[in-house]
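Right, one structure below, let's go through it.
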Amino acid sequence: MADQTSTANPWPADAGTSDLISPGRKRLGWALMAVATLGLLATIVLEILYKGSPDTIGFETWRPVVYAYVLWGVAIGVGQVLTRGEDGQRALFLLPALLFTIAMVIFPTLFGFYIALTDWNLSSFSGRRFNGLDNFWQMLGDPYYRNALFNM
């Protein structure tokens, strides 16, 4: 019997998937992810500067930041496929869950810490006022809160 070899894959058996991706394609993927990340960060910085002082440029609402976040997620997915090939396609399966967790857990947690660092009386005309860790010290000084915290 003659040796039968498959011609379906002309690449050597020991070649990894990273060997099959051209350096130009990897550079394109990294550049796409970098540009998208810089765009998202620039949008966030513009919004924060505008909310801090309405004299600067920025956006009236946070909607452009949400759009930038969605575009960033798409660019990260495309960049993963460009830089990692088939492994990047496998990572795409988990990427929506990761982005959803960031949007629904991480961002609100950071915003909650920001609110906790301010004295924000919605009925006053003066607006919010930074008070540092005073809210946390007051909370830890409350015996009912400590009891609930230690009973967890």
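The values are calculated or read from the model by the stated rules, or taken from the named source; none is laboratory data. The shown structure was predicted, so the numbers you read here are calculated from the model rather than taken from an experiment. Backbone-built Cβ (ideal geometry, glycine too); neighbour counts: all protein chains shown.
For residue 76, are the conditions met, namely being touching a residue at least 60 places away in the same chain (Cβ under 8 Å), farther than 30 Å from residue 134 by Cα and among the aliphatic types (A, V, I, L, M)?
no
Please specify each residue of segment 43-57 satisfying the condition of being over 20 Å from residue 127 (Cα atoms) and either modelled with pLDDT of 95 or more or surrounded by 15 or more Cβ atoms within 10 Å (Cβ to Cβ) (or both). Give the steps one after another, and end with the answer.
Kept after step one, since they are over 20 Å from residue 127 (Cα atoms), are these residues of segment 43-57: 43-46, 57.
Passing the criteria: 43, 44, 46.
Any idea which of (1) closer than 30 Å to residue 23 by Cβ; (2) out of contact with any Leu (no Cβ under 6 Å at 6 or more places or on another chain); (3) surrounded by 12 or more Cβ atoms within 10 Å (Cβ to Cβ) is the one residue 93 doesn't satisfy?
For residue 93, the failing item is (3).
Residue 110 versus (1) among the aliphatic types (A, V, I, L, M); (2) within 30 Å of residue 29 (Cα to Cα); (3) modelled with pLDDT under 90; (4) surrounded by 12 or more Cβ atoms within 10 Å (Cβ to Cβ): which is the lone unmet condition?
Among (1) among the aliphatic types (A, V, I, L, M); (2) within 30 Å of residue 29 (Cα to Cα); (3) modelled with pLDDT under 90; (4) surrounded by 12 or more Cβ atoms within 10 Å (Cβ to Cβ), the lone unmet condition for residue 110 is (4).
Look at segment 52-94 and say how many of its residues are over 19 Å from residue 39 (Cβ atoms) and of a type in the set (Lys, Arg).
So the answer is 2.
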